[in-house]
Structure formats: structure tokens, C-alpha cells
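Novice: A single structure is presented below for examination.
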Amino acid sequence: MRLPDTGLNAFEAILARRSVRSYRDAVVDRNTIGSLLEAAVRAPTAVHEEPWAFAIVQDRQLLQRLSERAKPLFAEEVRRAGVERTGHAFNAFASPDFNIFYDAGTLIVICARPIGPFVAADCWLAAENLMLAACAMGLGSCVIGSALPALNLPEIKAELSIPADYSAIAPIIVGHPSGATPATPRKEPLILGWH
Ligand SMILES: Cc1cc2nc3c(=O)[nH]c(=O)nc-3n(C[C@H](O)[C@H](O)[C@H](O)COP(=O)(O)O)c2cc1C
């Protein structure tokens, strides 16, 4: 599938990126995923470790199963952390109809071996590169942090071909947006000092 050339420059892509939670059925093709991974691995990486590795899931039944496995685990994690918020974001986890991947056809899990103190930082920088590249290609994306407890279960890692000594760090869904997503607000940057 040929993707629209949005012609966005880097700053425009940063402003245009949204967490997209509604997708069309069309699946993102292999070449496009290759381009997204190419963008991901151009991220800065501490001591040039390049610790990242990627597990890609496009099997819809598997995505559905992962969602079902993830919901109670994440709800329990939120409960244990004593998070007070009871907004729709957390209530949704009790609904059998809620798919934590929003029916996106592609999940990219950025993984790493814990070989140094900056491994997670590297993976999150790769994640942002990937999401900005997706935005510039007219694709939507969203971080699905709520999938992490399930993705790090030994049996799920084995099913996704993630070796035991790797951890899932940044799960990102990607797909063709079914419509426009409004921007979320941001506070002004809090400047603590400017000496
Ligand atoms: C670490 C992390 C975890 C997140 N996990 C989820 C998630 O599980 N489900 C979800 O719908 N959005 C998730 N998000 C997306 C945020 O809700 C979203 O980035 C935020 O509301 C700001 O909206 P925007 O990305 O459209 O600017 C996550 C974002 C981050 C950075």
C-alpha cells in the first residue's frame, strides 16, 4: 500500500502526532514496518549499545488474546499501586468489549536485554522516533503501556519469540487512522531556572 506523503517536517510531525485510538481494518505492510524500524534504530543510544529488538504482532486473534490477558493484570497493577484515578481510562479495563490495542492491526513491542542503565531510555527514544515517522507517513500510533505486565510474562514472551533474557519495554500500536484525533492539551513548559 502506498502511503500518503504528508510532507511534514520534523517539527510539524511532532505537533501533528496524536495517540490514535481508532483504526481502519487495513493492515500496515512489511515495507512500511521496515521503514518504521529504520526510524526507530536511528535514535540516540547510550554508549552506542543499540540494545533494542522488536517483536511484531499482526495476528488479530493473538492481539485479542493478549488484550484479554493484559486487562486483569494491568487492573491489578493499578490497584496495587493505589492509583486513585477512576476516570474512563481505568474503568474500561473491566469491560469485556474493551480491546487495549483499540483493534489496531499491528503491535510493535520494543524490547531490550538489561545490559546497562540506559536501556529503557534508548528504547523509549526509539519509540518516539517510530511514532513520529508513522505520523509523517499518515499512520496513527499509540503507546500501550497497559500491555507491559502481560508482555513480560514468560509464556507470552515465548509466544512472541522474545528471549527470556529480554524485557518488553515499549509496546506501540500502529495502523491507519479511521478519522482525525484532536490534540490533547499541554501545560506551558515549567522553567525552573535560566541562569
Ligand atoms: C508510557 C506511556 C504509556 C501509555 N499507555 C497507554 C495505554 O496503555 N493506553 C492508552 O490508550 N494510551 C496510553 N498512552 C498514551 C497517553 O495516554 C497519551 O500519550 C497522552 O494522553 C497524551 O496524548 P497524545 O499522545 O495524543 O498527545 C501511554 C503513553 C505513555 C507515554
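Novice: How much of the accessible area of the chain, in percent, comes from carbon and sulfur atoms when a 1.4 Å probe is used?
Specialist: With neighbouring chains kept in place, the figure for the chain is 56 percent.
Novice: What list of ³J(HN,Hα) values in whole Hz, one per residue of segment 138-145 in order, does the Karplus curve 6.51 cos²θ - 1.76 cosθ + 1.60 (θ = phi - 60°) give from phi, with Gly and Pro shown as x?
Specialist: Here the 3J(HN,Hα) series is x, 9, x, 8, 7, 6, 10, x Hz.
Novice: Another question, if that's okay. What percent of all Cα-Cα pairs in segment 20-175 falls in each 10 Å bin, counting up from 0?
Specialist: Reading upward from the zero bin: 11, 40, 37, 12, 0.
Novice: Here's something else I'd like to know. Let me check against my output: what whole-number percent is the relative contact order of segment 96-187, with C-alpha pairs under 8 Å and at least 6 apart?
Specialist: Once normalised by length, the contact order is 43 percent.
Novice: Whole number in Å², please: accessible area per residue of the chain, 1.4 Å probe, ligands, DNA and RNA not counted.
Specialist: Heavy-atom SASA per residue in the chain reads 59 Å².
Novice: Mean separation of Cα pairs under 8 Å and 6+ residues apart, divided by the residue count of segment 20-175: what relative contact order is that in percent?
Specialist: It comes to 37 percent, rounded to a whole number.
Novice: Now for a different question. Name the residue from VAL83, SER19, LEU62 whose Cα lies farthest towards the positive end of the charge dipole of the chain, charges +1 on Cβ of Lys and Arg and -1 on Cβ of Asp and Glu.
Specialist: Of the candidates, VAL83 comes out farthest on the positive side.
The values are calculated or read from the model by the stated rules, or taken from the named source; none is laboratory data. Treat the numbers as computed from the prediction; the structure is a model and nothing was measured. Methodologically, a virtual Cβ is constructed for each residue, glycine included, from the backbone with ideal geometry; neighbour enumeration extends over all protein chains shown. Remember, those area values only see protein heavy atoms, side chains included, never the ligands or the DNA or RNA. Shrake-Rupley method; radii C 1.70, N 1.55, O 1.52, S 1.80 Å.
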